[in-house]
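What follows is a set of notes on a single structure, which appears directly below.
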Amino acid sequence: MSTRIGILTGGGDCPGLNGVIRAATLHARHSHGWEVVGIRNGFEGLYEQDYVDLHSHTVQHVLSRGGTMLGSSNRANPFAYPVKLPDNRVEIHDVSARCLEHLAKLDLHGLIVVGGDGTMSFAQKFIGRGAARIVGVPKTIDNDLEATEYTVGFQTSVEIVTEALDRLHTTAESHERIMVVEVMGRYAGWLALTSALAGGAHVALIPEIDYDPERVIAAFHKRHGRGVSYSIVVVSEGAKPKGGKLSVVTAADPTKQEKLGGAGQWLADYISQKTDYEVRTTVLGHIQRGGSPCAFDRELATRFGVKAVELIAEGKFGHVAAIESGKVVAKPIEKAVKKLKLVDPGGELVRTARGIGIELGA
Ligand code: F6P
């Protein structure tokens, strides 16, 4: 039996990925005596056979660093992969058979795939095509994987957005402005709503609740009526007005998901057209994915990295590490891909927001 495992990080990066790589490498080497091979740039590295050996000394300083030491790519869909032809044209090919050949050549005891729903769905397809020895670690700042209460990276993003909101409060108050802050999260409102609660926002608009912009304006009037002259509005990039459309910057194609953006500016323009309030928009963008992971994500990454190695040791392939009621457990990989975990519009988080008077637009 092979004594080597592999690990790759796929999809968008986030803080905490290096913590997973470090923990998996240390546990595999120290507890099991296994070699660890890192596959660069997600599944792209499997296609290109771009590997790096991971040792205790190569991962010793990475825990506090954001990004991923292995690189990542959210264009590395092995089932619709952009291949450059000799005449420089790019064609979309299914390169999964080639990846499977390379995987067989690597002769791994197990492969740890660290990713969000896209990367996990590729992993699941590979399992379906015979690459059975795969386990997963869920990561994404969107926290939208059904399998787990928390994904690696989410909490750090909440911290980043919260700090930004704290800073916007003071300037908003000084200038008596309405500050519209667009945050990431794709089709789930976890990042927007959690940060709105933590950052003392007055309005929070999330994809799960289509909002009435007139209600948002009415909330400003109400605050002004009470003598409060500024407001902080958190808008998830996936939020949309009732009867309106998602704000899409780039449409999806076979190689990548659609790119969202502009929801905040749309609302800011609406408010400016309809009222005399002075409005400014801040788009936090990739700042939300950058920099050092917070303590929670370092701990979670470490627990997930160790659990992934345990899953391989126990032969529990086709599972992902997950958090359930605060404990690390194993969940079938389908749970990480089947449907997105969304904020429950009638749930406790939404009721908490309503309970303290945050306007949700409906
Ligand atoms: O899924 C993570 C995420 O950061 C989303 O919140 C966001 O919509 C998207 O990725 C941005 O992707 P990209 O890095 O390709 O711009």
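Taken together, the values in this text are just the output of simple stated rules run on the coordinates, not laboratory data. Quantities reported herein were computed from a predicted structural model and do not represent experimental measurements. Neighbour counts are summed over all protein chains in view; Cβ atoms, including those assigned to glycine, are modelled from backbone coordinates with ideal geometry.
List of remarks:
- Computed from Cα positions, the angle between helix 295-313 and the longest principal axis of the chain comes to roughly 30 degrees.
- Ile92-Glu149 pseudo-label distance in nm [points 7 Å out on the Cα-to-Cβ vector]: 3.9 nm
- For peptides 105-114, 308-317, sequence by mean Cβ density within 10 Å, most packed first: 105-114, 308-317
- Size of electric dipole in the range 156-289: Cβ of Lys, Arg +1 and of Asp, Glu -1, about Cα centre, debye, nearest 20: 140 debye
- For a modelled paramagnetic label at Ala313, 7 Å from Cα along Cα-to-Cβ, the residues of the range 5-28 in reach, with backbone nitrogen under 15 Å, are 5, 23-28.
- Candidate aspartates and glutamates - alpha carbon under 14 Å from Lys84, same-chain residues fewer than 8 apart omitted: Glu44, Glu48, Asp94
- Here the label points at Lys338 and Asp253, each 7 Å from Cα along the C-beta direction, are separated by 3.4 nm in the simple model.
- In order along the range 328-341, the Karplus-derived 3J(HN,Hα) couplings, from 6.51 cos²θ - 1.76 cosθ + 1.60 at θ = phi - 60°, round to 7, 10, 10, 10, x, 4, 4, 5, 8, 10, 4, 9, 6, 7 Hz, and Gly and Pro are given as x.
- Lysine pairs in the range 156-289 whose alpha-carbon atoms fall under 23 angstrom of each other, counting only those eight or more residues apart or on distinct chains, come to 11.
- The amide H of Leu111, built 1.01 Å from its N in the peptide plane, has Gly6, Ile134, Val135 as neighbours under 5 Å, considering only residues 5 or more places off or on other chains.
- Checking the Cα-Cα distances for Lys139/Lys331; Lys139/Lys327; Lys307/Lys339; Lys307/Lys341 against a 18 Å cut-off, the pairs over it are Lys307/Lys339; Lys307/Lys341.
- Listed peptides 35-48, 233-246 appear in the order 35-48, 233-246 once ranked by packing, highest mean of other Cβ atoms within 10 Å at the front.
- For Ala251, neighbours were defined as the other residues whose beta-carbon sits under 13 Å from its Cβ, and their charges (Lys and Arg +1, Asp and Glu -1) total +1.
- Close amide-amide hydrogen proximity is noted between Ser73 and Gly11, Gly42, each under 5 Å apart and 5 or more residues distant or on a separate chain (H modeled in the peptide plane; Pro and chain starts excluded).
- Axis of helix 213-225 versus longest Cα principal axis of the chain: the two differ by about 50°, to the nearest ten degrees.
- J(HN,Hα) series, the range 244-249, from Karplus relation 6.51 cos²θ - 1.76 cosθ + 1.60, nearest Hz, glycine and proline x: x, 10, 4, 8, 10, 8
- Summarising the amide proton neighbourhood of Trp34: residues at separation of 5 or more, or on other chains, whose placed amide H is nearer than 5 Å comprise Arg29.
- Highest to lowest packing among 253-263, 69-79, scored as the average C-beta count within 10 Å: 69-79, 253-263
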